[in-house]
Every structure is written in structure tokens, then in C-alpha cells.
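Inspection log for the structure reproduced underneath, given as C-alpha cells.
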Amino acid sequence: MVVLGCLQSIPSPIPTKESPSSSSSSPSSWSRSLGTRREAIMFGTCFVSSFFSFTPAFPSAIAQQEQDQFQQDEERVVHLFQDTSPSVVFIKDLEIVKSPTSSSNESMLNDNENTKVEGTGSGFIWDKFGHIVTNYHVVAKLATDTSGLQRCKVYLVDAKGNSFSREAKIIGYDPAYDLAVLKVDIEGNELKPVVLGTSRDIRVGQSCFAIGNPYGYENTLTTGVVSGLGREIPSPNGKAIRGAIQTDAAINSGNSGGPLINSYGHVIGVNTATFTRKGTGVSSGVNFAIPIDTVVRTVPYLIVYGTPYSNRY
Amino acid sequence: MVVLGCLQSIPSPIPTKESPSSSSSSPSSWSRSLGTRREAIMFGTCFVSSFFSFTPAFPSAIAQQEQDQFQQDEERVVHLFQDTSPSVVFIKDLEIVKSPTSSSNESMLNDNENTKVEGTGSGFIWDKFGHIVTNYHVVAKLATDTSGLQRCKVYLVDAKGNSFSREAKIIGYDPAYDLAVLKVDIEGNELKPVVLGTSRDIRVGQSCFAIGNPYGYENTLTTGVVSGLGREIPSPNGKAIRGAIQTDAAINSGNSGGPLINSYGHVIGVNTATFTRKGTGVSSGVNFAIPIDTVVRTVPYLIVYGTPYSNRY
Amino acid sequence: MVVLGCLQSIPSPIPTKESPSSSSSSPSSWSRSLGTRREAIMFGTCFVSSFFSFTPAFPSAIAQQEQDQFQQDEERVVHLFQDTSPSVVFIKDLEIVKSPTSSSNESMLNDNENTKVEGTGSGFIWDKFGHIVTNYHVVAKLATDTSGLQRCKVYLVDAKGNSFSREAKIIGYDPAYDLAVLKVDIEGNELKPVVLGTSRDIRVGQSCFAIGNPYGYENTLTTGVVSGLGREIPSPNGKAIRGAIQTDAAINSGNSGGPLINSYGHVIGVNTATFTRKGTGVSSGVNFAIPIDTVVRTVPYLIVYGTPYSNRY
């Protein structure tokens, strides 16, 4: 009844944003569209204020002076997110459902009616050459595709904060560790790779931070502590991934492949699974990440050979 | 399978407190009822202590001296709760199931057998005149009632900490933003309105605090960080509410309409929805609040006109 | 649909560790088994590093110097876990499914094919004599066993960090407070009992820490705040346990009977229930612990008389 669920997000019937890159890059346009209305309503507020002498208090200058230790800790988390989130990407698995009228694959992926979303996940920028690390299970359909209809689109930001999206190719994958490497054409966009930490000296109780796209909500930050170490979680090939990091930071469907980060902003794991009711992908507070040391050992072989070390001949 | 669930609590078959106001106002009576028993048991403990020479250690005076930074941060959260929770109310939707024998509406609502609880939610005190802000979906049955059998009861505390409950009237509502304003007769009780913040300068990673009544458990505090900004969530009229705040603070069924608070104790949003399995209302760690700036623009019109600005003619 | 679920973990079809004590006591053996491989792969990493000039940055010496307040708070939690986790035990309910070929009960419990796991839970070391406190519902089958086939095995560590397991006997239990006391033969192993706090001066908003074995993942730490006080939760005998502590620290199936700890490392409650969908045991963020003052009043009678104070004649 309760199973260890992988965290690829399957499209659901609820309304989600159609274009993640545009929505994250244009909060200002949203603010502007409400500008006129806001002014008009401010007038309304004034009218009401004179009508009711006891209106709710608004934040005073004193509040700005309360910048003590408590807020400094918050600042640390805010900056940690700002520093690390540009290295996290949003991955959409697409299936071509109509015969393309255009001969270009790239144009097919421009959010038109020729594709449907098969699932979503997260990933992170490995290096400046456009290599993206994610879970194997996020791109398993593309990896095992024989129809030629599977595609994978990555939404990312460059080092200057510009959002863009690219179709990605699979460079290599290892189901035994639930890892895959994608590559996107960066075309002059400078990327901001993650800073890698080590999972060797992690201790239960230290703070950790997950960034990813649960249910397609991009660049979501969730926080918690390291709950346990040396866990075993099932891998897509049916064997066990050992040494997994357990955390109570909320990890939900769609978080798969995103980074687990320590308080220095270093990646210590790849968010992979939650222990939950079958099929829901709803975080239980018992969540797992593949330790980064395993990733560091595996990814170079995936980049160079396309397969894990054990299969390199 | 997984849907964005609104967070009104529907009565469940588990045992809940019948009268929230009395239980919160009389913890002392519960302590007293155990007084005699406690003394008797203390004797028992002493007896056992002499029997076993190695009893568990009790907190020493040294513990009281450990008041360092770590505990100061805790103090901040404790005081934040104490300062803000008197502004949070518990809302019960009632339906009259029998013909009242009394002619007074008020007497009908005194927890007698004439009413059944249709759902519960949260709200917060907007001003000293007894205006309460909550989600529209918490009071939708009353708002659209044509039978005359729907009622709404609010449990609140005054500025001196005295608990009381009142039947509330709906002053105005806006399904497009999932907001409603209730009014209770304060009859000389001085209320403590919330302190409003702004949602303009919120940043991902800052701490936030939700106060509400999940599953009817009054004045529940849950904590987390701001997980994302500029989200879209569905409104009761089927359109999207834009600019929603995402948080990993646990928000469950019954939290709807309660405030999301920053570390200064200022309200930055109205807790409204969680992303979860349909029908459960169980928090997934992906939870949403309507930004307070939207509330500040909308509520004055609801108070004065009973409808949003766009419908004021 | 949504019920208050007790948190004993029922075995699920997912792969779990067969022998918790060996896995926790031998992380080094696991490291060793990967030793050779690791060296080989380090070579691989170097090779790739020379191939790609822009490899991801590794943690620098500067990171080690960032030991500021933020990290000091983390250190506190890390040490709190290290100090308190040796007092937390893992409890397995076993049922004998075959006629034992051996005449010794102890040998039957050595993880052989003669037993199947009926459920798992948590507990904590009460004193140096081997008394273990847990929830009654964790060991209810053994407590009410008439077949003679129920067994209970406890996995624990001694004060020197050595893991061992023992069959436990039930010394006493009180369904009204969902408490039970077990006893294990300590045979020269020195135990580390918990440090008891008091639940009298707990305040909403203070930090709290749950240690237990959700879904069998041993020695899991989850963190949160005290969400509410004076709650009522149903007890196994159908009555209400009053004064329960509510927390948003994740508490899942298998956490039952484990300690809830304050930031001084003192036990303030026994994790007992979560408010969730029936049958899932998945944490909702609305979780409950029996207050330690109730435990302190009850346990001595269970140790001496085997029954609560009210039944002592």
C-alpha cells in the first residue's frame, strides 16, 4: 500500500503554467498588467481608511530595524537560493502526437499542439558545456525510445539570468544508480554549473535544501535536515542504491533529479525518491537523495562513454 | 489523481473537540482535574525511585543556563505565535437540521442538536469593528445559500485573551480571488487585528509561519520557508489567482483562510490551497497562499460594496 | 476518509533492510566494499578533468572557514542527534510461523525463516536496567497474545555505541494512555537512558525533534516546532488522551513510541499519532505526542505493578 515512489511528475488535470520559462522570466510583465488597477484601488483604500478610523497597522520603519540574528539566518537561506537556483533546470518529457508539418525537430518543440507532456522532472547544470545531470527515471522513456517520437526539453537560465529552453539529447545513463546525463546546445549562453560538495562528511541533523519543480512549480525551495544516512533505495533496474541520504525537506513528484544542497550551497545529493502511497508522489517527510559522491564517480563515465564504468568495454 | 485541493475541513468520523472556545479557554480546569491524581502519583514515583537507584535524569539547573543563540531563535518563534495567534479565528459552517423551537437565531447556534457542522476553516481579524477575512470557499455554502438554513459561527479571542464565539454575517465576497469578509458583533470585546505586511518584497527562502485550524485543531502553528513566488492557483470561479506564494510550511484541510506570517509577525498571505491527492486535503509540502497585496486591494471593496471593485456599479 | 492514524509500521512490499542492527553497526564494511572501485573511479574523474577544462568546482578551504552562526545552529542539531539517538530503539513485532526445531526461544528470533515481521515501531531506553518505553499499540499483539506465537525484538545500541538486539518481554501496559514498558536482558551492556524533560512548560513555537524508525528506516531525525498543546487524541481503548503535544515535525508509520525531544535534548513526549488518510500512516504535518509528564506518572506503575495506578489493586 505504501511504496517508495520515484518522483517524476506525471501531468495532472489541474491548470498549470503552459510555459515555465516565460512565467519565470516575466514577473514584471505580470506586475505591470495590474498597475492601473492597483492605483485605482489605492484610492479605494484611502476612502475606506477615512471611513474606518481603526484600520490594520502597516509595517513601520521599526520593522526595518529588526534585522537581528533571526533575520540574518533568513538572509543566508535567501542568498543560498539566489546563488544556487540558476543551476537548477526544469525537464519536460514530450511525445510527438501528430506528424510534424515542419522538417525541423526544434520547431516541433515550441509548445505547439504537436507534442504532449509525458512527465516532468528536475536536473542541474554539471558544467559549462551544457551537460545536465538528472535521474534516469526522469528520461527513461526517451532513453528506451524505439518509436522516435520521444523528446526532452530543458528550461534553464544562463549566468546572466536569461531564461531559455532547448531540446536535450541523452549523453549517457545508468539505471543502476538512477542517473542520466543530458546535453543541451548552449549557443553562446554562459551557464552557471552547480558547486559540488561531498557526501562523505554529511552528518544527521545538518540543514539541507532541495530545489526542483514539484508538480511543475519551477524553482521550488524546500528545507529540512538530513534525517539519516546510508539508506538503501530501489533503483530502476531493481537493485538497491546504497548510501542514500534521507531528508525531511519536502520532496514531491517532479523534484526528481534536482539537487540537495547543504548550507554552503554545495550539492550533496540528487533528490530521487519519497516514501509514500503508491502513485501519489506526495512527500511523506521520508525522502531520499543519491549521494553526490556516487554521482561524481558515475557522471564522468556517462559523459565520456555513455555508459557506467562497469559497461565501458 | 493529484489535484490542487482547497483547504476547508469537512467533518470526519474521528473524535474532535465539540467546543473549541471552551477547550482553549479552560486548560486550567483540565489541569485541576488531574491535580489529586498527580500528587498520589508523585508518591508512586518516589517509591519507585528508591527502588531503582538509576532513574532517568531530570532537567537540571544547567539546562536553564543554556539560553544561547539557538534558544533565542526559539524564543522569537514562541513570541511571534503569542503575539499573532489572538488575531486568528476558527470558523465553523453550520446547517440547521431541525426546525428551531426557539425564535432566536443566536440560541440556535449554541452547539445544540439543531445544527450540524458542514465544514471548518480559519480566518483573521481585519479590524476592531469585527471584520474577519477568510477564503470564499470556506463560506461558499453560506454565501450561496437559498434555503436559509446555513449559518457560520466564529470562535475568537479578544485583546485580553477571553475566548468567545459569535454568529457571523457575510459582508462581501469575491470568488475570483477566493476571498470573503465576515462580520461579528463584538459587543464591547476589544479585538486584536492582524498587522498587515506586504507581499511585494517577499523573497524565496525567507521564513514563514502559518496559523490556523487544520482538521479543527485550533491555533496550530506550522513553519517553513517561502518556496516560490508568482504561482498561479485555481480560484473557485475557475480562473487563476496569480502571484500566489508557495510554502513548505504544512497547510492542511481546515487551514484555509488563515494568515501566512513573516518573521516580523506581519501577514503576507492567506493560506488557501495545497497540492495533494484529491479529497484528502493532506499537505504535500507544496502549499499556496493568496498574496496579502491582493487581499489589501480587494477587502476594502468587499467591506464597503460587498462585491469586488469590478462589480461595484 | 481522513483519520487519526496510529504509527506502527505494517510491513510493505518494498525492499527494506533485513537486519537493522547489522546495517547500522557496519557502515564501514559497506564503505570498504566500495573501496577498490572508488580508487578506480577517482582515476576516471581525473581523466575527465583534463578532458574538460571547466569542471564543476569542489568545496574549497574557504568553505571550512564559513563556520558562522548559521553553521553553529546546525552543529547544535547534529550534536543533539548524536547525544540522544543511542537512547532510541527499533522494535520489531514477530510472529512465529513454523514449529521451531530448536527448543530455545532466543535462537528462534535470529532472523530466520521461522518468524515473520508483523509490524515495527520505536521506543526509548527508560533506565539502565533495560526498561524500554513505547506505545501500547506497537506491542498490542504481543500484549494480548493467546497463541504464544507473538514475539517482540528490540534493536538497540549500548553506551559505547555497540549495536545488539534482544527479545523483549512486556512488563506492563496501559491502553488508556497508549503506553507500554518492555524489558530486555542487558547482559553487561551499559545502556544510555534518555534524559527526561517536562511537558509542563512547553510553548507553541519551540523547536522539537523526533527520532524513530519510520517505515523501518532506523534512527531517523525529523525536525519542526511545537504546533499546539492540550490536544485530545484517541487512545487504543477508545477514550481520549488529553494534553497531547502537536508538532509539524514529520512523524510517519513506524515512528510510534519514539521520543519527541526539545532543543536541550530532553524528552518531552512520545510520538504516537498523525492525522492522515486511513491506512497510510503518511505524515500530514499534524502529528501528536503523548506529553512526557503523563508518561512519568504512568511508567513507574507499569514497571512495578504491570498495570496503571487505577488498576493496581
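Odds and ends about this structure:
- Selection of first residues in segment B:74-99 that are under 13 Å from residue B:211 (Cβ atoms) and of a type in the set (Gly, Ala, Ser) and of second residues that are open to solvent by 60 Å² or more (accessible area, probe 1.4 Å) and not in a helix (DSSP H, G or I), restricted to Cβ pairs under 9 Å at least 6 apart or on distinct chains, gives the following pairs, ordered by first then second residue: B:87/B:192.
- Of all residues in segment C:155-203, those satisfying the criterion of being crowded, with 21+ Cβ neighbours inside 10 Å, within 16 Å of residue C:289 (Cα to Cα) and small (Gly, Ala, Ser) are C:180, C:197, C:199.
- Residues (open to solvent by 10 Å² or more (accessible area, probe 1.4 Å), in contact (Cβ under 8 Å) with a residue 60 or more places away in the chain, out of contact with any Asp or Glu (no Cβ under 7 Å at 6 or more places or on another chain) and closer than 14 Å to residue C:177 by Cβ) located in segment C:210-258: C:234, C:237, C:239
- With a requirement of 2 or more residues that are within 13 Å of chain A (Cβ to nearest Cβ) and modelled with pLDDT of 95 or more, the strands (runs of 3 or more DSSP E) lying completely within segment C:188-292 that satisfy it span C:207-212, C:220-234.
- Looking only at segment A:159-178, residues that are farther than 17 Å from residue A:91 by Cβ and assigned to a loop (DSSP other than H, G, I, E, B) come to 4 in all.
The values are calculated or read from the model by the stated rules, or taken from the named source; none is laboratory data. No experiment lies behind these values; they were computed from the predicted model shown. Here the Cβ is made from the backbone with ideal geometry for all residues, glycine too, and neighbour counts use every protein chain on show. Heads up: the accessible areas ignore ligands, DNA and RNA and are worked out on the full protein's heavy atoms, side chains in. Shrake-Rupley method; radii C 1.70, N 1.55, O 1.52, S 1.80 Å.
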